[in-house]
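Enquirer: Mind having a look at this structure? Questions to follow.
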Amino acid sequence: MRIHSRSARQGRHFRLSLRPGASLHDALVGALAGAGVASASMTLLGGVFSHLDYCTAPPDPERHRVVAYTEPISAGPAYLIFGNATLGKADGGGALVHCHAAFCDERGEPLGGHIIAQTTIIGPVPVPVLVTALDGIELRATYDAETNLRLLQPHGAQDHDAA
């Protein structure tokens, strides 16, 4: 698998507290837009969601792609153990949040997968997030021939692609 990398002359690191009651997507996008950030890498440090939807990505049984995402699965209320998210641009130019996390459902069963940020709702307490702003780099959903998927890929700044 190829690695696409870019470097920027500067970056910013800061901490956010995500707004209770908002979707994970809207809370991240709103807070980061307010800080002038369009592309970022983030670590979610735990927290409570009043509702969490996710999917998993097993190998594609038809082998058209590397993986085939499942239909969304509702975990209901959930406790986030740890997660990583990326902010970039979708095909239409709007914000795209891609998030993978480990969490427990309300029975305490450990689960994990790709979080559906638009329908996952932050619980009554702010969720802490560490952010690395990718200043000068744009992450854009772009078709990747190797995986046959649309992936967030870096554009701009200095190119350091490795074969």
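Enquirer: Quick one: which of Gly92, Gly46, Gly76 is touching an Asp or Glu at 6+ places or on another chain (Cβ under 7 Å) and of a type outside the set (A, V, I, L, M, F, W, C)?
Expert: Working: Gly92 fails: touching an Asp or Glu at 6+ places or on another chain (Cβ under 7 Å); Gly46 fails: touching an Asp or Glu at 6+ places or on another chain (Cβ under 7 Å).
Testing whether each residue is touching an Asp or Glu at 6+ places or on another chain (Cβ under 7 Å) and of a type outside the set (A, V, I, L, M, F, W, C) leaves just Gly76.
Enquirer: Would you mention how many residues in the range 25-68 are open to solvent by 60 Å² or more (accessible area, probe 1.4 Å) and of a type in the set (D, E, K, R)?
Expert: Of the residues in the range 25-68, 4 are open to solvent by 60 Å² or more (accessible area, probe 1.4 Å) and of a type in the set (D, E, K, R).
Enquirer: Turning to a different aspect of this structure: Which one is nearest to Thr56 (Cα to Cα) among residues in the range 95-123 that are among the β-branched types (Val, Ile, Thr) and open to solvent by less than 20 Å² (accessible area, probe 1.4 Å)?
Expert: Of everything passing the filter in the range 95-123, Ile115 is nearest to Thr56 (Cα to Cα).
Yes/no matrix, rows are residues, columns are (1) under 24 Å from Gln153 (Cα atoms); (2) of a type outside the set (S, T, N, Q); (3) touching a residue at least 24 places away in the same chain (Cβ under 8 Å):
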position: Val29; (1), (2), (3): yes, yes, yes
position: Leu45; (1), (2), (3): no, yes, yes
position: Val48; (1), (2), (3): no, yes, yes
position: Asp60; (1), (2), (3): yes, yes, no
position: Gly83; (1), (2), (3): yes, yes, yes
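Enquirer: Of all residues in the range 36-58, which are at pLDDT 95 or above and more than 21 Å from Ala141 (Cα to Cα)?
Expert: Once the filter is applied, which keeps residues that are at pLDDT 95 or above and more than 21 Å from Ala141 (Cα to Cα), the range 36-58 yields Leu44, Leu45, Gly47, Val48, Phe49, Ser50, His51, Leu52, Asp53.
Enquirer: Residues of the range 78-94 being at pLDDT 95 or above and hydrophobic (A, V, I, L, M, F, W, C), which ones?
Expert: Ala78, Leu80, Ile81, Phe82, Ala85, Leu87, listed by residue number.
Enquirer: So which residues in the range 9-30 are in a loop (DSSP other than H, G, I, E, B), farther than 20 Å from Val125 by Cβ and either among the basic types (Lys, Arg) or touching a Leu at 6+ places or on another chain (Cβ under 8 Å) (or both), if there are any at all?
Expert: Of everything in the range 9-30, those that are in a loop (DSSP other than H, G, I, E, B), farther than 20 Å from Val125 by Cβ and either among the basic types (Lys, Arg) or touching a Leu at 6+ places or on another chain (Cβ under 8 Å) (or both) turn out to be Arg9, Gly11.
Let's see how each residue does on (1) over 13 Å from the mean Cα position of the chain (by Cα); (2) assigned to a strand (DSSP E or B):
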| site | (1), (2) |
| --- | --- |
| Leu52 | yes, yes |
| Glu62 | yes, no |
| Tyr69 | yes, no |
| Gly76 | yes, yes |
| Gly113 | no, yes |
| Tyr143 | yes, yes |
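Enquirer: Do you know which of the residues in the range 1-19 that are touching a helix residue (DSSP H, G or I) at 6+ places or on another chain (Cβ under 9 Å) and either of a type in the set (Asp, Glu) or open to solvent by 60 Å² or more (accessible area, probe 1.4 Å) (or both) is nearest to Thr86 (Cα to Cα)? Even if it seems obvious, please write down each step before you answer.
Expert: Going residue by residue through the range 1-19, those that are touching a helix residue (DSSP H, G or I) at 6+ places or on another chain (Cβ under 9 Å) are 16-19.
Among the residues that remain, those that are also either of a type in the set (Asp, Glu) or open to solvent by 60 Å² or more (accessible area, probe 1.4 Å) (or both) are: 17, 19.
Details: Ser17: 16, Arg19: 18 Å.
Going through the qualifying residues, I end up with Ser17.
Enquirer: Any chance the range 69-85 includes a residue that's of a type outside the set (A, V, I, L, M), surrounded by fewer than 17 Cβ atoms within 10 Å (Cβ to Cβ) and within 24 Å of Gly36 (Cα to Cα)?
Expert: yes
Enquirer: With the condition kept exactly as written, say whether any residue in the range 124-132 is surrounded by fewer than 16 Cβ atoms within 10 Å (Cβ to Cβ), more than 12 Å from the chain's Cα centre (by Cα), farther than 23 Å from Ser7 by Cβ and hydrophobic (A, V, I, L, M, F, W, C).
Expert: Within the range 124-132 (the criterion being surrounded by fewer than 16 Cβ atoms within 10 Å (Cβ to Cβ), more than 12 Å from the chain's Cα centre (by Cα), farther than 23 Å from Ser7 by Cβ and hydrophobic (A, V, I, L, M, F, W, C)), the answer is yes, since at least one residue qualifies.
The values are calculated or read from the model by the stated rules, or taken from the named source; none is laboratory data. Since this is a predicted model, take the numbers as computed values, not measurements. Heads up, the Cβs are rebuilt from the backbone with ideal geometry, glycines too, and the neighbour counts pull from every protein chain shown. These area figures cover heavy atoms from the full protein model, side chains too; ligands, DNA and RNA do not enter into them. Shrake-Rupley method; radii C 1.70, N 1.55, O 1.52, S 1.80 Å.
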